Amino acid sequence: MPKPIFVAGRWREGRGETIASHFPADGSLNAEVAGASAEDVAEAVEAGRRAMADPAWRDLRPHERARHLHAISDGLSRRADEIARVQTRDTGKTLAETRALVASAAGTFRFFAAALETLEEELTPPRGDVLTMSIHEPIGVVGAITPWNSPIASDAQKVAPALAAGNAVVLKPAAWSPLVCLKLAEVVEEAGLPPGLFSALPGSGAVVGDALVRHPDVAKVSFTGGTSTGRSIARIAADKLMPVSLELGGKSPNIVFSDADLDEALAGALYGIFSSSGQSCIAGSRLFVQRPVYDAFLGRLVEATRRLRVGHPEHDGTQVAPLIHPRHRDAVDRYVRLAVEEGGEVLCGGRPPEGPAYEGGSYYLPTVIAGLGNGARVCQEEIFGPVVVVLPFDDEDGLVAEANDSVYGLAAGIWSSDYRRIWRVARRLRTGTVWINTYKQFSISTPFGGVKESGLGREKGRHGIRAYMNQKSLYWNLGDRPLPWAGL
């Protein structure tokens with residue numbers, strides 16, 4: 001029997017197409033899910049609207065709402081190993097990574113619970129005999145659409161602040177990874193959140209996602225995923241005059257200056273592109289290395305890449321696990337073939353691994369490509385796999401020009417021992433995040449998002465709650481006479 005979904009506080013079969021989750025390591029079937037339909041979206045949104053208006057939720061003080069977030073955090077921590085194993089089966093990520101992602105999700109709910117309890121309203125400076133203040137109210141039912149590459153963490157980054165703000169949330173996960181959000185729904189239910197405030201609706205983007213974005217009672221959509229889908233959501237949102245948060249693609253430059261600690265830079269370059277099997281929007285897929293150290297650094301990079309352990313995601317020591325799906329692996333391979341057509345040289349990897357251990361899986365070897373300019377398609381288009389293109393550069397101005405020569409602007413890394421140079425370059429890079437002598441480090445307390453075609457808006461941070469609220473101004477008359485205009 002297909003697994004049920006969580007609609008408006010009830011577990012039942014969805015009315016849409018059945019979704020299959022397969023284990024990327026060998027292609028075996030994990031489970032089938034009775035996916036959601038547009039009708040299920042309508043039911044979830046209506047239930048969310050009613051639940052928000054119920055005094056049992058509407059009238060809770062911030063510290064009382066925060067208790068629900070703490071309870072969800074505790075539930076995630078209590079069931080961490082179980083949820084991590086489900087996510088490994090669902091996505092192919094290593095257990096080490098999925099355990100870290102569940103811990104991150106629990107921490108996200110804790111952080112926003114604490115932020116909610118201490119978030120203050122504002123008395124604004126008076127301009128007459130009127131007391132003025134600014135307050136914030138829930139924005140309405142929120143549509144949260146999350147990707148397959150790190151579902152539980154992405155889910156928490158949207159659900160936690162939206163609930164903290166007093167909203168209802170309808171979560172739509174990627175069709176390739178439907179199981180993790182259902183575990184989150186179990187935790188939410190166990191935590192005692194009032195029914196209707198949270199729904200988890202696995203299903204196709206064309207049906208469930210579209211219905212969610214277009215629904216007239218959805219007041220905001222927060223989306224993480226591909227840029228083309230983000231554009232479509234933005235067009236619909238423009239017609240609705242609905243705010244959106246869009247965290248989209250990336251083609252991040254990772255920059256190694258000749259004065260860097262090259263051991264640290266090498267470790268950072270490897271982690272920046274090959275962790276998560278390269279399936280990361282902030283992956284350091286364009287590796288710029290200053291000319292004096294380019295040849296030596298490239299040689300060390302190739303040697304270290306060949307030593308990376310490609311293997312089963314449930315085995316200890318695996319560094320590079322399978323990609324999410326055979327279709328995605330094939331798309332990555334097509335980009336490598338394109339790089340060769342463009343004149344690039346594949347220095348290592350460039351194909352699926354061979355042998356019985358990899359049969360049936362969506363594995364791809366970590367790949368290093370050289371010999372291309374920044375204008376090549378593989379330097380401009382997001383590959384979303386374990387493929388890095390290494391590019392030499394000579395001076396700071398040329399480097400900044402090439403690093404910024406991209407439609408994307410999500411993240412970047414700088415490796416140098418010159419703090420003045422780091423400051424100059426970091427300020428000139430058109431990205432939402434810059435890592436300095438490190439890479440792919442995150443804090444829920446620090447806002448995250450992109451510029452250009454990498455998206456709109458920010459998530460995380462203390463004021464991430466405000467992104468799910470409307471601001472209202474109140475004017476209190478302190479005068480003792482009627483308004484003079486009426487002549488009374």
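No value in this document is a laboratory result; all are computed from the given coordinates. Computed from a predicted structure; not experimentally measured. Don't worry about glycine lacking a Cβ; one is built from the backbone with ideal geometry, like all the others, and counts go over all protein chains shown.
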Quiz prompt | Under 11 Å from the L474 label point (7 Å along Cα→beta-carbon), backbone N, segment 105-135 | solution = 121-123, 132-135
Quiz prompt | Using a Förster distance of 41 Å, the FRET efficiency for A114-N404 (Cβ separation, nearest 0.05) | solution = 0.65
Exercise. Round to a whole angstrom and tell me the spacing of the C-alpha centers of segment 290-351 and segment 1-53.
Key: 36
Practice problem: Any of K440/K472; K3/K251; K183/K452; K3/K440; K220/K440; K3/K452 with alpha carbons more than 31 Å apart? Name them for me. | Solution: K440/K472; K3/K251; K183/K452; K3/K440; K3/K452
Self-check item: Estimated inter-spin distance, A206 and R327, nm [label 7 Å along Cα→Cβ]
Solution: 0.9
Quiz item: Roughly what angle does helix 80-91 make with the longest principal axis of the chain, taking Cα atoms, 0 to 90 degrees, to the nearest 10?
Solution: 60
Exercise. Would you kindly state how much longer the chain becomes between R67 and R377 on full extension, computed as 0.36 nm times their sequence separation minus their alpha carbon distance, in nm to one decimal?
Key: 106.7 nm
Quiz item: Under the rule of -39500 (n - 2.57) per DSSP H run of 4 or more residues, summed and divided by the residues of the chain, what mean residue ellipticity at 222 nm is obtained, to the nearest 500 deg cm²/dmol?
Solution: -12000 deg cm²/dmol
Quiz item: Expressed in nm to one decimal, what extension gain is obtained for the pair L131 and E359 from 0.36 nm per residue of sequence separation less their Cα-Cα distance?
Solution: 75.0 nm
Quiz item: How big is the antiparallel share of DSSP beta bridges in the chain, given as a percent to the nearest 5?
Solution: 45
Quiz item: Helix 38-53 versus the longest principal axis of the chain: what is the Cα-based angle in degrees, 0 to 90, to the nearest 10?
Solution: 50
Practice problem: Could you calculate, for segment 253-436, the ratio of the Cα radius of gyration to the Kirkwood radius, expressed as Rg to Rh? | Solution: 0.96
Quiz item: Once phi is turned into θ = phi - 60°, what whole-Hz ³J(HN,Hα) does the Karplus curve with 6.51, -1.76 and 1.60 give for every residue of segment 55-66, x standing for Gly and Pro?
Solution: x, 4, 10, 4, 8, 5, 6, x, 5, 6, 5, 4
Quiz prompt | Rounded FRET efficiency, nearest 0.05, which uses the C-beta distance separating C348 from S258 and R0 of 30 Å | solution = 0.80
Practice problem: Subtract the Cα-Cα distance of I436 and K240 from 0.36 nm times their separation in residues, and report this length gain in nm to one decimal. | Solution: 66.6 nm
Self-check item: For segment 384-448 versus segment 203-229, the gap between their alpha-carbon centres in whole angstrom
Solution: 31
